[in-house]
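What follows is a single structure, written as structure tokens, with notes after it.
The values are calculated or read from the model by the stated rules, or taken from the named source; none is laboratory data. Owing to the predicted nature of the structure, the values given are computational and were not obtained by experimental measurement. Glycine gets a Cβ as well: all are built from the backbone with ideal geometry, and neighbour counts include every protein chain shown.
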Amino acid sequence: MAKLSEKIGYALGDAAAGGITWKVMSIAFPLFFTNIFGLTVADTATLMLIARMFDVVTDPMMGALADRTQSRWGTYRPWLILGAVPFGLIFALLLYTPEFGPVGKRIWAYTLYLLMMVIYTAVNVPYGSLLGVMTTDDNEKNQFSSFRMVGAYAMGFVTLLSFPYLQKMVGGTDQHQYAVLGAFFGVIAAAGTLACGLLTKERLKPVRAEKFSFKPFGDLFRNRPWIILTLVGVCTNFFNGFRYAVAGYLFEYCMHGDVTVSGLIINYTVFMTFGELTCMVFGGVSPVFTKWVGSKRRAFMWAAVICAVTSVFFFFVPMDPSYIWVMVAVVILTSIGIGFYSPLLWSMYADVSDYATEKNGTSSTGLIFSSGTMAMKFGTAISGSLVALFLGLSGFVSGTDDAGQTIITITDAAAVSEMIWALFSIIPAVIACVMLGLLYIYPIKK
């Protein structure tokens, strides 16, 4: 039985990766790149697409490499311990806006974004794989997974809620604010990643193949539960990705700026914070909910229904700041579903890993969990790329002039606001329905 300190240590890993770096990358980067850094909509969309194609190669390679790592710290922990500082440093540099022209900014953004994807993969794939070697007990796996999600959502809550107040405290230009906050959160992310590596334990040794082979890659595509669960993972991150990527634009162009209610500044990060808090609470009770409904698959299906219904409801909320609390209420309801399914996804990957080991005779834990990380990055960044693309098609134009200043032009304000509203509601609802169909045919009934 693992100690509480180890479960907290495991939670710190996703508090750093999911609660800080990925949360900021998901919610702030599309708006940051177009409105603050000064990339065009086309450059922003292309950058995220290129990064995803890059991840298709690097994530499985990292999984296979992690599975074969041997050190005094174990198989997966050394990647967290040694990768912590580069992880925080590259994140900080990515939020820095250099005083370059259009070409220089493009080179900087592409280079740093791709480097961030590499180091995120090098840290997060081994982190996810740890779940497969810390315990054999299925209930304890669910507990570790719930601690992970609570850590991610708790830190996400703190990050998003504090963001506008920290910006105000830092002062200066938007570029200066993001640079300082990038360094601040980068240090915290590095510390959390290092603590996770030092506090966790690897109790099980992976059953390694005697020599490197491409057979585990081929085995993946003969593993029906893995195929379906990976598609589900892509859907969950499409669902979250569209909502987070468009939230900044929703406040800028539908609410026409921050909404202040009784002294509370509600901007796009604070707006999504209500969801983070809800996810934290319901992620913590997800194991209880799963036990109550009878299986992980059934619990996940109920969560998908909640997400679909509430997303459709949001579409019919009037696009007016006076309805801000109605919008907040719907975000909270949607986040109940997200909170339920978030821990389940990683626990189900552990089930798929066990299934693969039993079927093939050797462990491919890192490779299988790498697909979960790849699905996360693929879904989040493709959705961010599509948000930029759809906004461009509806009349949103951004760029940088020769002096390095950001330029924004809206050719059709009504079309842009309607597109933003649909990207936050109807499109995620369709994705939740696809998720529900995939879960219906998922074969592992644990």
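At a glance:
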{"item": "Residue selected from the stretch 394-411 under the condition at pLDDT 75 or above and not hydrophobic (A, V, I, L, M, F, W, C), by the criterion surrounded by the most Cβ atoms within 10 Å (Cβ to Cβ)", "result": "398"}
{"item": "Residue check for residue 427: closer than 25 Å to residue 328 by Cα, touching a helix residue (DSSP H, G or I) at 6+ places or on another chain (Cβ under 7 Å) and not basic (Lys, Arg)", "result": "yes"}
{"item": "Test: residue in the stretch 418-434 that is touching a Phe, Trp or Tyr at 6+ places or on another chain (Cβ under 7 Å) and not hydrophobic (A, V, I, L, M, F, W, C)", "result": "yes"}
{"item": "Residue within the stretch 358-369 that is surrounded by fewer than 23 Cβ atoms within 10 Å (Cβ to Cβ), at pLDDT 70 or above and outside any helix (DSSP H, G or I) present", "result": "no"}
{"item": "Matching entry among 327, 319 (being outside any helix (DSSP H, G or I) and aliphatic (A, V, I, L, M))", "result": "319"}
{"item": "Within the stretch 150-182, tally of residues that are more than 18 Å from the chain's Cα centre (by Cα) and assigned to a helix (DSSP H, G or I)", "result": "16"}
